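The values are calculated or read from the model by the stated rules, or taken from the named source; none is laboratory data. It should be emphasised that the depicted structure is a prediction, and the values quoted were computed from it without experimental measurement. No Cβ is skipped: glycine too gets one built from the backbone with ideal geometry, and neighbour counts run over all protein chains shown.
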Amino acid sequence: MKIMAKTDIFIRARIMKGYSQRDLAKHSGLSHAYISLLERSVKPVGPATAKKLSELLEKSMEDLFRIEIM
């Protein structure tokens, strides 16, 4: 199972919140490179990280992420 960002929705939520990728990285404790990979759906995210990002962006996990069953 992989949790992947819904690219367009995730980016839109970040921009609407007024965050650059670097801002989101700083507030979440993640690297800028990791945020970039998430937004391009290159890298999966763990449940705790998905929850933290959802809280920062004030969106539900279901809105921002999809679960891929392998």
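For the reader, a short list of remarks on this structure follows.
- Only one of 36, 28, 20, 54 that is within 26 Å of residue 70 (Cβ to Cβ), hydroxyl-bearing (Ser, Thr, Tyr) and surrounded by fewer than 17 Cβ atoms within 10 Å (Cβ to Cβ): 36
- Filter result for the condition that a residue is surrounded by 14 or more Cβ atoms within 10 Å (Cβ to Cβ), in contact with an Asp or Glu (Cβ under 6 Å, 6 or more places away or on another chain) and touching a residue at least 12 places away in the same chain (Cβ under 8 Å), over 11, 3: 11
- Pairs, first on the phi > 0 side of the Ramachandran plot in the range 21-33, second modelled with pLDDT of 95 or more, C-beta under 9 Å, six or more apart: 29/52
Yes/no per residue for (1) among the charged types (D, E, K, R); (2) more than 19 Å from residue 1 (Cα to Cα):
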residue	(1), (2)
18	no, yes
21	no, yes
28	no, yes
37	no, no
40	yes, no
48	no, no
62	yes, no
66	yes, no
70	no, no
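- Qualifying residue in the range 34-45 (condition: part of a helix (DSSP H, G or I) and touching a Pro at 6+ places or on another chain (Cβ under 9 Å)): yes
- Total residues in the range 1-32, condition under 17 Å from residue 54 (Cβ atoms), among the small types (Gly, Ala, Ser) and more than 12 Å from the chain's Cα centre (by Cα): 2
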